[in-house]
1. Fully extended, how many nm does the chain gain between residue 82 and residue 107 (0.36 nm per residue separation, minus their Cα-Cα distance)?
2. For residue 59 and residue 99, calculate 0.36 nm times their separation in residues minus their Cα-Cα distance, and state this gained length in nm to one decimal.
């Protein structure tokens, strides 16, 4: 059975090959932080949804990602000069692209549906960023990661 698309996961690591997307245990949490022994920091938040499923909104995801980046920078848990960023959506089978402004007003949706082999969209880390720049460049990085993630989401629906 597919899980609802309620997680935007951001992983911050010292090296791109160490990045993984994580998920919280159970569905009762709306947000969380995980720090692994190798100093990989994963943060996740619930995405907006209504009775028709989750809405994937690039602007909303960019803002949420920027917020997570600023939080990660404030926590300063990576202890690395440069970090690689991975971002992903989990549980996309019941997600539709749209605007969060339409929440509760929609009368139809076009989710990808059940039975998908891969129920996630992931942007693998390909670039490193100076850890000291995370907070200052959070909005720009958030927009870039959201654009890449939206492309992966669309590819996964084909």
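1. Extending this stretch completely gives an extra 4.5 nm.
2. Between residue 59 and residue 99, full extension yields an extra 13.6 nm.
Any read-out appearing in this document is the output of simple, stated calculations on the displayed coordinates, not a laboratory observation. Keep in mind the model is a prediction, meaning the values are calculated, not measured.
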